[in-house]
1. I'm trying to understand the selection: among the residues of segment 144-186, which are farther than 15 Å from residue 299 by Cα, of a type outside the set (D, E, K, R) and not in a loop (DSSP other than H, G, I, E, B)?
2. Can you tell me which condition residue 223 does not meet? The list is (1) touching a residue at least 40 places away in the same chain (Cβ under 8 Å); (2) crowded, with 18+ Cβ neighbours inside 10 Å; (3) over 30 Å from residue 69 (Cβ atoms), and all the others hold.
3. Here is a list: 346, 369. Which entry is modelled with pLDDT of 60 or more, out of contact with any Ser or Thr (no Cβ under 9 Å at 6 or more places or on another chain) and more than 30 Å from residue 251 (Cβ to Cβ)?
4. Among 147, 203, which is over 18 Å from residue 73 (Cα atoms), surrounded by 14 or more Cβ atoms within 10 Å (Cβ to Cβ) and of a type outside the set (A, V, I, L, M)?
5. Considering only segment 104-127, I want to know if a residue exists there that is more than 19 Å from residue 14 (Cα to Cα), surrounded by fewer than 17 Cβ atoms within 10 Å (Cβ to Cβ), in contact with a strand residue (DSSP E or B) (Cβ under 7 Å, 6 or more places away or on another chain) and not assigned by TED's automatic domain parsing to the domain that holds residue 302.
6. Scan segment 189-197 and give yes if some residue there is without any contact (Cβ under 8 Å) to a residue 40 or more places away in the chain and either of a type in the set (Ser, Thr, Tyr) or under 22 Å from residue 80 (Cα atoms) (or both), otherwise no.
7. Keeping to segment 296-328, report how many residues are surrounded by 17 or more Cβ atoms within 10 Å (Cβ to Cβ) and without any contact (Cβ under 8 Å) to a residue 60 or more places away in the chain.
8. Within segment 151-170, track down each residue that is under 13 Å from residue 123 (Cβ atoms) and β-branched (Val, Ile, Thr).
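The values are calculated or read from the model by the stated rules, or taken from the named source; none is laboratory data. Every value quoted in this text rests on a predicted model; they were computed, and no experiment measured them. Counting neighbours? That spans all protein chains shown, and the Cβs are built from the backbone with ideal geometry, glycine included.
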Amino acid sequence: MEADKHWRFFFGGLDILSRCEVITESNSKDSAVVLQDLPKLLSPFRAEVVEAFNKSNTFTNVSDLFSKTQTDVLFDPVIADIHIPVSLQTASVRGYDFEEGIPEDFKIIFDGQVLAVATFCSSNNFPWGIVDVRDKLKELLSGKIEFIETPPCLTHTALVVLNKGAKQEQDTRDVFVELGSTFNFKEFARSLYWNFILELGEFYVCCKTKNKIEKAVSKIHKLESLLLIDLKNFLETRWFEVLTRRRIVDLSKRKMVEVLSAVSEYNSNLQDLEDETRDLEDTRKVNRRLDEFLIKGSLIQDYLLPEKLDSELSMRVVEHSRLEIEAYATNTTVYVSALIGAVIGSILTLVIAYLAGNLNIAHTSLGNSVCTISALLNRAYSLCAKAT
């Protein structure tokens, strides 16, 4: 290698293996069996990715990193070359004044989860073209294969390959690897994958879980705000707007369930992150290069410390809304019962009064009839007496 130039490797999270969860659920209930069979289950999916690379006019020299299928990985890494002239490097405009020696040739290593972008250049300038390489890969996958871009999308910290005995820069976040005078990129890439990239994947698993936690926290805060707005609208409705109140109550009940579900999801993901972080810490203890890389890049502090959620506050918001709704339901029941009682009482009063009135009329008519009949009988008796 040239004395003033080195191979520099940068890394980013580009996850296209999320469908593993779907495959796991749809093929077996035994997780141990599924994990063992996942490479075979993902084989057609990997073939789809390789085909996309081969059909691309952007990436060249596409090949497998390993000559034989690796049973210890879900997705055998793919290696490829890409040439991006300086005139087409959009990111370079922000980082350079079009100085000479800007790298235009790059190599990638991609295992479906971690993207490594390498270039041969001087360490004096940051090779902004790596950003364009990442964007080209995203463009290749977009619309064909689902992917999740997991921060750090590309690290500013680089792993730099130096000749043995070469001077290392002191004021830098880069991590240096010393090699002998001979260098074969593919052989080094294989060693790098087993000793660094594969275990860096544990870091990106943690990052993905941390992102889920932050999304859950954001969702909970949004739902809390909407729930309080519903409560405010509910309290501002007038007593006779029954349908409006019922609609708001239904919406509030749904949001309360969603808050509880999101809090449960948050706690579950938080526990997952703790377990994953513990595994990563164990790996860092035995992989000093990975530990140095994460420390120099401040990656743990910047990407693995999730936003904390005040679960008790969320529960108080839900409980307050629930109590207001219950109070409304209780009062409504009392009002309705009183109204129904008043209506029934009024109806019964009218019926009784009506019946009582009819009975009085009937009694009076019967009395009059009896009197009339008695008078007629007395008159007949008088006439008979006179005749005799």
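1. Listed by number, the residues that qualify are 148, 160, 161, 162, 163, 176, 177, 179, 185.
2. Of the numbered conditions (1) touching a residue at least 40 places away in the same chain (Cβ under 8 Å); (2) crowded, with 18+ Cβ neighbours inside 10 Å; (3) over 30 Å from residue 69 (Cβ atoms), the odd one out for residue 223 is (1).
3. From the options 346, 369, the qualifying one is 346.
4. Only one candidate qualifies: 147.
5. Within segment 104-127, one or more residues are more than 19 Å from residue 14 (Cα to Cα), surrounded by fewer than 17 Cβ atoms within 10 Å (Cβ to Cβ), in contact with a strand residue (DSSP E or B) (Cβ under 7 Å, 6 or more places away or on another chain) and not assigned by TED's automatic domain parsing to the domain that holds residue 302.
6. yes
7. Qualifying residue count for the region: 1.
8. If the condition is that a residue be under 13 Å from residue 123 (Cβ atoms) and β-branched (Val, Ile, Thr), then 157, 160, 161 are the ones that fit.
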